[in-house]
Amino acid sequence: MEGMDNKDSSMENGHASHNNPLALNNSNGENELALPPIIEPKNGIVDITAQQGTTEIFKGTKTETYGYNGSFLGPIIRINKDQTVTFRTKNDLSEPTTFHWHGLEIPGNGDGGPHQVLEPGVTEDVNFTVNQGASTLWFHPHPEGATAEQVYKGLAGLIYIDDENSQEINVPNEYGVNDFPLVFQDRQFTEEKQLNYQAVLNEDGTIGDTLLINGTLNPKLTVGKEKVRLRLLNGSNARNYTFKLNTGDTFQQIATDGGFLNQPTDMKEITLTPGERAEVIVDFSKMDDKTDIALINDEGTTLLPFKIEQKTTSTSKISEKLNDFSVTEEEKNLPVSKKLELFGMGTMVSINGNQFDMNRIDFTQKQGETEIWEIYNKPDMMGGMTHPFHIHGTQFKIVSIDGQEPPLNLKGWKDTVSIEAGQTVKLAVKFNNKGIYMFHCHVLEHEENGMMGQVEVN
Ligand code: C2O
Ligand code: CU
């Protein structure tokens with residue numbers, strides 16, 4: 001079978017090759033973490049242009065990259081609940097692209113899936129009213145056959161939604177002061193320090209030995225002696241990350257993909273598969289500035305060292321009640337309406353035995369009606385691997401994982417759920433808008449290889 005040749009012994013664990021170690025790249029010195037600019041609607045309009053350029057990721061070297069409103073990655077689009085917005089999207093690339101808003105509950109014709117291609121030079125307006133709570137979402141391209149490569153080259157940005165609640169619960173929200181985005185992406189650079197996707201493509205998930213956070217190589221982050229909010233996005237094509245503090249200290253998770261948890265939840269570590277987000281609070285107020293503190297992964301590799309500065313501490317106490325999320329008894333008792341079986345590897349991945357076909361609608365669902373989707377990750381001879389399962393246009397609830405209630409930190413709005421080989425996950429899924437939406441594995445090479453289907457909501 002093609003694609004099997006790339007496999008190595010790490011296939012034995014369910015995570016396939018996605019946990020190959022990251023190399024430390026200390027030759028390049030430490031760099032202060034880049035912070036993307038924030039853009040807000042002007043007269044209701046947000047301009048977003050996909051473009052190409054060069055970026056100095058390594059000092060003195062120009063790497064050819066893609067970006068939104070710049071040469072690499074993208075800005076943070078900051079919008080409010082109930083606000084009516086126009087995203088004025090423009091394709092300045094020399095190839096077709098789409099603008100997909102990952103996690104946004106938006107009518108299907110504005111979702112930016114593979115049907116909504118913008119040819120080079122084309123501008124298109126996407127109008128909608130923000131109809132969901134405070135959350136950290138993201139956006140990236142989704143053209144059939146080129147999603148993985150365009151993301152790899154740098155097309156990814158964040159969306160922050162604010163609402164009344166998020167202003168009242170005393171979570172740190174001063175951007176760049178005590179509220180930081182952290183977009184994690186691994187890349188494999190060529191000797192010339194270029195991003196040559198086709199040369200490093202792995203059909204089971206392209207990984208690289210070099211970590212970039214917000215596009216910064218060897219980043220460090222300077223923080224005050226206070227509670228700091230980190231908004232984590234796994235924006236990698238395929239790598240999973242397990243985040244911890246090197247001191248072994250706990251931190252608090254406050255949000256999942258699509259909103260706040262009901263209460264701050266103590267965690268020693270968090271695993272994010274591609275597409276997933278989590279917001280956490282790290283309390284630096286108790287640490288003195290000599291503490292050698294860093295975010296590390298489960299192999300002990302330093303991902304992000306912190307420098308603690310003596311700054312006036314904001315004493316605000318984070319509210320104990322952040323949200324009122326629940327899976328209702330009714331939802332728990334609903335019969336299963338849709339069954340999905342994820343299977344295969346490499347170019348042979350499938351959902352219910354099918355590979356993606358733009359002209360085939362796999363499921364239908366009524367607007368505003370909650371249905372239970374049961375997703376089974378069927379193991380193969382090699383054991384199988386974890387698939388991050390994502391549905392467009394909705395925030396769903398995890399009802400159960402292998403028949404058990406989800407852990408506390410997954411009791412919140414999700415749009416991407418990690419499903420290990422052999423696991424069965426039940427989701428309560430409701431679409432508030434009409435249209436055709438994708439569901440797929442967010443290992444971008446699996447998505448590209450056809451581990452994707454379509455649900456039509458009417
Ligand atoms: Cu993050 Cu179909 O995508
Ligand atoms: Cu997958």
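Give the residue that is farthest from ligand 1 (Cβ to nearest atom), with candidates limited to residues of region 139-168 that are buried (at least 19 other Cβ atoms within 10 Å of the Cβ) and part of a loop (DSSP other than H, G, I, E, B).
As a first pass, look at region 139-168 and keep what is buried (at least 19 other Cβ atoms within 10 Å of the Cβ): 139-143, 146-161, 166.
Pick out the ones that are also part of a loop (DSSP other than H, G, I, E, B) and you get 141-143, 146, 154-156.
Numbers: P141: 9, H142: 5, P143: 11, A146: 13, G154: 15, L155: 11, A156: 9 Å.
Filtering first and then ranking leaves G154.
Hey, any hits in region 372-383 for a residue that's more than 16 Å from ligand 2 (Cβ to nearest atom), among the aliphatic types (A, V, I, L, M) and modelled with pLDDT under 95? Yes.
Out of the residues in region 401-426 that are away from ligand 1 (no atom under 11 Å from the Cβ) and within 24 Å of V151 (Cβ to Cβ), which is surrounded by the fewest Cβ atoms within 10 Å (Cβ to Cβ)? Explain how you work it out, then say what you get.
So the first thing to find is which residues in region 401-426 are away from ligand 1 (no atom under 11 Å from the Cβ), and the list is 401-414, 417-426.
Checking the rest, the ones that are also within 24 Å of V151 (Cβ to Cβ) come to 413-414, 417-420.
Numbers: W413: 22, K414: 25, V417: 25, S418: 24, I419: 21, E420: 17.
That would be E420.
Could you tell me which of the residues T55, T61 is surrounded by 16 or more Cβ atoms within 10 Å (Cβ to Cβ), modelled with pLDDT of 95 or more and not hydrophobic (A, V, I, L, M, F, W, C)?
Working: T61 fails: surrounded by 16 or more Cβ atoms within 10 Å (Cβ to Cβ).
Going through T55, T61 in turn, the sole match is T55.
Restricting attention to region 333-349, the residues being touching a residue at least 60 places away in the same chain (Cβ under 8 Å) and either in contact with a Pro (Cβ under 9 Å, 6 or more places away or on another chain) or loosely packed, with under 14 Cβ neighbours inside 10 Å (or both) number 1. Looking only at residues in region 169-191 that are over 23 Å from L272 (Cα atoms) and of a type in the set (A, V, I, L, M), the one that is surrounded by the fewest Cβ atoms within 10 Å (Cβ to Cβ) is V177.
Taking region 293-310 only, how many residues are of a type in the set (D, E) and in contact with a Phe, Trp or Tyr (Cβ under 9 Å, 6 or more places away or on another chain)?
Here is the first cut: in region 293-310, the ones of a type in the set (D, E) are 298-299, 309.
Restricting the remaining residues to those that are in contact with a Phe, Trp or Tyr (Cβ under 9 Å, 6 or more places away or on another chain) gives 298.
Counting residues in region 293-310 that are of a type in the set (D, E) and in contact with a Phe, Trp or Tyr (Cβ under 9 Å, 6 or more places away or on another chain) gives 1.
Just so you know, in region 26-52 the residues that are at pLDDT 95 or above, part of a loop (DSSP other than H, G, I, E, B) and more than 24 Å from the chain's Cα centre (by Cα) include one that is surrounded by the most Cβ atoms within 10 Å (Cβ to Cβ), and it is G44. Residues being at pLDDT 95 or above, outside the structural domain of Q150 (by TED's automatic domain parsing) and away from ligand 2 (no atom under 16 Å from the Cβ) are entirely absent from region 308-317.
The values are calculated or read from the model by the stated rules, or taken from the named source; none is laboratory data. This one's a predicted model, so the numbers in the text were calculated from it and none came from an experiment. Neighbour counts are summed over all protein chains in view; Cβ atoms, including those assigned to glycine, are modelled from backbone coordinates with ideal geometry.
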